[in-house]
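Chemist: Sending over a structure as structure tokens; questions will come in a sec.
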Amino acid sequence: MADRLKGVQKTSLTNYGCLFMLRRLLFESFHLKPNWRSSNGCRNLEGARPLFQPQTYAVALSLMLITMVCWGSWANTMKLCPGYRFQLFYWDYVIGLILAALIWGFTLGSMGGVGRPFLADLLAADSSHIGLAVTGGILFNVANLLLVAAIEIAGLAVAFPVGIGLALIVGAISSYIISPSGNALMLFGGIALVVGAIVLDAMAYRLRETERRSLSMRGFVICLAAGLLMGSFYPFVSRSMLGEGAPGPYAVAMFFSIGVALCAAPFNYLLMRKPLDKSEPVSMSGYSSARGSWHLWGILGGVIWCTGATLNFVASRAHIVGPAVSYSIGQGATMISAAWGVFIWKEFATAPARAKTYLFWMFVLFLCGLSAIALAPIY
């Protein structure tokens, strides 16, 4: 084993080559032997248990709702780290993503009655499907960092409807084209209601702001780029789970997290040196000197987001659901984050009455839209 590791260190490999070599070493470390054909024609491991996959729509819907809560709640961990710049927080967040992907892979991804278990998936996946999942992670990473910069530059009132609204439209339509499932009228009617709710949420935030920010073309372009990229990552993830040799959702979550990490190393470091919002540059010394609790909150934020993503990928594999429905319900996270802001953080305590009226109708539209999307697969 040691000799093989030395050989890996001396050999110049591409990123994908490294992934394949690490998978081989992982299997040798666990002394696992691939039994390449199981009763259903899939490659498997001797003595390994298949992964967990929901068999009813009620279970799949529960997973999607958990996704919505996770995606709408992870940002609370940032509020618990005052003074910790987002670029530094993000390193801990990425660690949390990888940690959660491993946890769910070795638990739900290794117990159940369907498909290959987690470790078998890591070994059996082909390079094209791995590339799709890694690309999804790269796109998400860039979109996530741009969206935070867009909020700082243009404010929530612009970044939310342009960034998140555009991401929902692009992600849902492209995912539906890749794998159409459910009543299209109810699905896209529900999406329209959710987009309307996002606009009302942005209008409420705009009324709450004490200072009106002038919208520069630069800020608007960053919002557009963030929205397009955020809506583009999910189709790559969906496509990575289709076809012969495709890995299951738990392995895809692992490859996705690796893609985020591969992209974060250069891109987040660049944003540390040259922040898009024209704030002061930040160095890694700030990371090493940060409080231990801040690092833990950052890791927890990544764990929460990746938990939602993994369960969302699992739900999207249910034949009655499909990726468009799964992604659309997950993007109801905006309602959850707004609920945190209104009821826990009291962000609208001093806001004008009109802002609270917008929030009321926002929740109404969200509930109606999400109900329509949830019913789309069964009507």
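The values are calculated or read from the model by the stated rules, or taken from the named source; none is laboratory data. Model, not experiment: these values are computed from the prediction. As a convention, Cβ positions derive from the backbone with ideal geometry for all residues, glycine included, and neighbour counts pool all protein chains shown.
Chemist: Determine which single condition S337 fails, assuming it passes every other condition in (1) buried (at least 24 other Cβ atoms within 10 Å of the Cβ); (2) under 16 Å from the mean Cα position of the chain (by Cα); (3) within 29 Å of Y176 (Cβ to Cβ).
Modeler: (1)
Chemist: Just to verify a result, which residue in the range 100-129, among those that are in contact with a Ser or Thr (Cβ under 9 Å, 6 or more places away or on another chain) and surrounded by fewer than 21 Cβ atoms within 10 Å (Cβ to Cβ), is farthest from N312 (Cα to Cα)?
Modeler: Step by step, filter the range 100-129, then rank; the result is S128.
For (1) free of Cβ contacts under 8 Å to residues at least 24 places away in the same chain; (2) small (G, A, S), each residue gets a yes or a no:
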| position | (1), (2) |
| --- | --- |
| V221 | yes, no |
| L228 | no, no |
| R239 | no, no |
| A253 | no, yes |
| L271 | no, no |
| S285 | yes, yes |
| W294 | no, no |
| G301 | no, yes |
| I304 | no, no |
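Chemist: Do we have any residue at all in the range 151-168 that's under 16 Å from V237 (Cα atoms) and of a type outside the set (K, R)? First the steps, then the outcome.
Modeler: Of all residues in the range 151-168, those under 16 Å from V237 (Cα atoms) come to 167-168.
With the extra rule that they be of a type outside the set (K, R), the set shrinks to 167-168.
Yes; the residues of the range 151-168 include at least one that is under 16 Å from V237 (Cα atoms) and of a type outside the set (K, R).
Chemist: Mind listing whichever residues of the range 199-217 are at pLDDT 85 or above and within 14 Å of A150 (Cβ to Cβ)? Give the derivation first.
Modeler: Filtering the range 199-217 down to residues at pLDDT 85 or above leaves 199-208.
Answer for the range 199-217, where residues must be at pLDDT 85 or above and within 14 Å of A150 (Cβ to Cβ): A202, Y205.
Chemist: To continue, here is another question. Can you name every residue in the range 227-254 that is of a type in the set (A, V, I, L, M, F, W, C) and either touching a Lys or Arg at 6+ places or on another chain (Cβ under 7 Å) or modelled with pLDDT of 95 or more (or both)?
Modeler: First, the residues of the range 227-254 that are of a type in the set (A, V, I, L, M, F, W, C): 228-230, 233, 236-237, 241-242, 246, 251-254.
Within the range 227-254, L228, L229, M230, F233, F236, V237, M241, A251, V252, A253, M254 meet the criteria.
Chemist: I'd like to check something: does the range 296-306 contain any residue that is over 27 Å from I191 (Cα atoms) and part of a loop (DSSP other than H, G, I, E, B)?
Modeler: Looking through the range 296-306, none of the residues is over 27 Å from I191 (Cα atoms) and part of a loop (DSSP other than H, G, I, E, B).
Chemist: Just for helices (runs of 4 or more DSSP H) wholly inside the range 308-379: which have at least 2 residues that are modelled with pLDDT of 95 or more and not aliphatic (A, V, I, L, M)?
Modeler: Of the helices (runs of 4 or more DSSP H) lying wholly inside the range 308-379, those with at least 2 residues that are modelled with pLDDT of 95 or more and not aliphatic (A, V, I, L, M) span 323-330, 353-375.
Chemist: With the condition kept exactly as written, say whether any residue in the range 191-200 is closer than 30 Å to S127 by Cα and surrounded by fewer than 18 Cβ atoms within 10 Å (Cβ to Cβ). Show your work before the answer.
Modeler: Within the range 191-200, the subset closer than 30 Å to S127 by Cα is none.
Taking every residue of the range 191-200 in turn, none turns out to be closer than 30 Å to S127 by Cα and surrounded by fewer than 18 Cβ atoms within 10 Å (Cβ to Cβ).
Chemist: Right, next: Only residues that are of a type in the set (S, T, Y) and either buried (at least 18 other Cβ atoms within 10 Å of the Cβ) or in contact with a Leu (Cβ under 9 Å, 6 or more places away or on another chain) (or both): list them for the range 237-281, please. Step through it out loud before you land on a result.
Modeler: Narrowing the range 237-281 to residues of a type in the set (S, T, Y): 238, 240, 250, 257, 269, 279.
Residues satisfying the conditions are S238, S240, Y250, S257.
Chemist: Condition check: crowded, with 24+ Cβ neighbours inside 10 Å and of a type in the set (S, T, N, Q). Does S316 satisfy that? Can you show your working first?
Modeler: Numbers: crowded, with 24+ Cβ neighbours inside 10 Å: yes; of a type in the set (S, T, N, Q): yes.
Yes, satisfied.
Chemist: Sort out which residues of the range 130-143 are surrounded by 23 or more Cβ atoms within 10 Å (Cβ to Cβ) and not hydrophobic (A, V, I, L, M, F, W, C), and write them in order of number.
Modeler: Listed by number, the residues that qualify are G136, G137, N141.
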